[in-house]
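To keep things clear, I will list the structure first and then write my remarks on it.
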Amino acid sequence: MSCLPEQKDDRVIVGRDTFDDAGVFKLDEERALIQTVDFFTPIVDDPYLYGQIAAANALSDVYAMGGKPLTAMNIVCFPSQKVDVKYLAEILKGGFDKVDEAGAVMMGGHSVDDEEPKYGLSVTGMVHPQRVKTNAGARPGDKIILTKPLGTGIISTALKGELIKEEDAEKAFQVMARLNSQAAELMQDFNASACTDITGFGLLGHGHEMAAASKAGINLYFSTIPLLPGVEELALEGMVPGGAYRNRDFLKECVKLEEGVKDIQASILFDPQTSGGLLISLNPHAAEGILAELKEKGIEAEIIGEVVDNPGIVTVYP
């Protein structure tokens, strides 16, 4: 926020200037800390799954910066006078298991009594100062890779509207609970130019942030973008969350939809995601190499576009 005072410190490698996923603070020539925090209200009924998804979502910010999580702390709001605390125990178990899977240590946390449950993590990670990945390094000629299919916001809306059952959303649950750890490791191996993860601003919002920070443009091709099963049909039935329309209004000067892109397809690209995939910019040869390895690991990644010389603009083709 522009009303807040600005701090200057030479040890801050990544601050708030580029709307990156986390802050990075240099400790010495070999080590830099990554710090992030995220939490939200339940998007599924299963408390354990909710804990897993919220934790994966928070951990993703460390992966997007090219780092590895070290420690995590719980952030909890819970109506303990109205809801049995056994559900809170399940939420915390889900978060713990996901942090453990990431190879990090759960250090504790803080809770408050609140009318509506909220859960997430503050996470500290580590990265070599010369290997930090930001959203500001994309170069014209790079290819753009997305490592998870889109549509979690639309599917969550359909669940709330009881248009689908939880078993119909199982694929979306698996995608949201999956860590971005393998993609992050491969991104380092293939020397990615830039990276961000796809969350509340949708693919187009976070794509624009990468384009603006990199002083470049991004062309995307809808036909190449992986989607969760049934997403287009649900969008046509009106299951587009309000956040997608807010994203679209906010980005109207920055996103160009070419002829042939259907309105409902655009809505999917503006759809807010929970624990979405990494959006990675790499040179074309590296992009083909990382794509092959991602697919070998069962990750549904695709090359969905390229970086061009059109600063700050994301253009969508059919």
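Assorted remarks:
- Those residues of the stretch 117-141 which are closer than 27 Å to Ser267 by Cβ, not in a strand (DSSP E or B) and not polar (S, T, N, Q), in sequence order: Ala138
- Some residue of the stretch 134-145 being in contact with a helix residue (DSSP H, G or I) (Cβ under 7 Å, 6 or more places away or on another chain), under 20 Å from Val231 (Cβ atoms) and buried (at least 24 other Cβ atoms within 10 Å of the Cβ): yes
- Taken over the stretch 184-215, the residue count meeting the criterion of being closer than 21 Å to Pro272 by Cα and part of a helix (DSSP H, G or I) is 12.
- Test: residue in the stretch 147-166 that is over 18 Å from the mean Cα position of the chain (by Cα), buried (at least 17 other Cβ atoms within 10 Å of the Cβ) and assigned to a strand (DSSP E or B): no
- Qualifying residue in the stretch 45-53 (condition: under 24 Å from Leu278 (Cβ atoms), among the aromatic types (Phe, Trp, Tyr), outside the structural domain of Ala183 (by TED's automatic domain parsing) and not in a loop (DSSP other than H, G, I, E, B)): yes
- Summed over the stretch 259-308, residues that are in a helix (DSSP H, G or I) and in contact with a strand residue (DSSP E or B) (Cβ under 7 Å, 6 or more places away or on another chain) total 7.
- Among the residues of the stretch 172-209, those that are within 26 Å of Tyr48 (Cβ to Cβ) and surrounded by 24 or more Cβ atoms within 10 Å (Cβ to Cβ) comprise Ala172, Val175, Met176, Asn180, Ala183, Ala184, Asp197, Ile198.
- Qualifying residue in the stretch 227-235 (condition: outside the structural domain of Ala64 (by TED's automatic domain parsing), surrounded by fewer than 23 Cβ atoms within 10 Å (Cβ to Cβ) and within 23 Å of Lys133 (Cα to Cα)): no
The values are calculated or read from the model by the stated rules, or taken from the named source; none is laboratory data. Not measured: the values here are computed from a predicted model. Note that we place each Cβ from the backbone using ideal geometry, even for glycine, and neighbour counts take in every protein chain shown.
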